[in-house]
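Below: the structure, in structure tokens.
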Amino acid sequence: MGFPRKSDRNGNDLPGFVEWPAFPFEGNLRLKPVEPPAEREPERRGSDPNTCASCRSADEEYLWVNDRWRLRAPQKPSGLPVIVVLEPRFHLDLGDLSSMHAAELGLLTVRLERAIRSLESVSQVHVNRWGDGTAHLQQWFLGRPSGYLQLRGPFLTMWDEILPTVEERQWVLDLEYIAAWMDDD
């Protein structure tokens, strides 16, 4: 999917999304040159289950767990009201999920989205899976703060780094609420 190209004041060719209201930067930008393709893809972190951080983590490090899934939150709040990561308990990537795990992922995705969106501080929930970082499936849930229309769209992770940190007490309460929602079957 390509974006229409735009030229900046200096005639540099930039993608059209730099003019979207959600794009968090303004002013003169330069595109990095595209590097030539690597001869081979690097091994992802945790390709060996014995070195996988998720596999080696104790249940106590998670917000919620069941027999097949675990939900974690970052260790401290950031700019978004909620970020949580759903992982299978076993060393599986998205394409490795059995039909049962895939069905459960769908149900848990909907349950988590509803729980997060029910928070007063959240208007929408972005659900993402980036496969380049780790070999263990991690599905991310990011709550967009209510009223912050400028944050809509694909740049929410950038805004998370830019926004002031949310208040820790409320962040903890919201995570406890999400965990309780997950326990309420």
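The values are calculated or read from the model by the stated rules, or taken from the named source; none is laboratory data. On a predicted model such as this, the values are computed, not experimentally measured, just so you know. Neighbour counts are summed over all protein chains in view; Cβ atoms, including those assigned to glycine, are modelled from backbone coordinates with ideal geometry.
The figures follow:
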item: Candidate set: the range 85-108, residues that are surrounded by fewer than 18 Cβ atoms within 10 Å (Cβ to Cβ), part of a loop (DSSP other than H, G, I, E, B) and not hydrophobic (A, V, I, L, M, F, W, C); chosen: the one modelled with the lowest pLDDT; result: 93
item: Any hit, the range 47-55, residues being over 27 Å from residue 113 (Cα atoms), in contact (Cβ under 8 Å) with a residue 24 or more places away in the chain, in a loop (DSSP other than H, G, I, E, B) and not charged (D, E, K, R); result: yes
item: Search result, residues across the range 44-84 that are at pLDDT below 90 and charged (D, E, K, R); result: 44, 45, 48
item: Tally, over the range 135-153, of residues that are touching a residue at least 40 places away in the same chain (Cβ under 8 Å) and either within 21 Å of residue 91 (Cβ to Cβ) or in contact with a strand residue (DSSP E or B) (Cβ under 8 Å, 6 or more places away or on another chain) (or both); result: 13
item: Selected residue (criterion: surrounded by the fewest Cβ atoms within 10 Å (Cβ to Cβ)) from residues of the range 109-134 that are in a helix (DSSP H, G or I) and touching a residue at least 40 places away in the same chain (Cβ under 8 Å); result: 114
item: The range 157-177 residues that are under 15 Å from residue 115 (Cβ atoms), paired with ones that are aliphatic (A, V, I, L, M) and part of a helix (DSSP H, G or I) (beta carbon under 9 Å, 6 or more apart); result: 174/116; 177/115
item: Whichever residue in the range 1-43 is of a type in the set (Lys, Arg) and modelled with pLDDT under 75 and, among such residues, is surrounded by the fewest Cβ atoms within 10 Å (Cβ to Cβ); result: 9
item: The range 65-84, residues that are crowded, with 17+ Cβ neighbours inside 10 Å and in contact with a strand residue (DSSP E or B) (Cβ under 7 Å, 6 or more places away or on another chain); result: 69, 70, 71, 72, 73, 80, 81, 82, 83, 84
item: Any chance residue 172 is in a helix (DSSP H, G or I) and surrounded by fewer than 19 Cβ atoms within 10 Å (Cβ to Cβ); result: yes
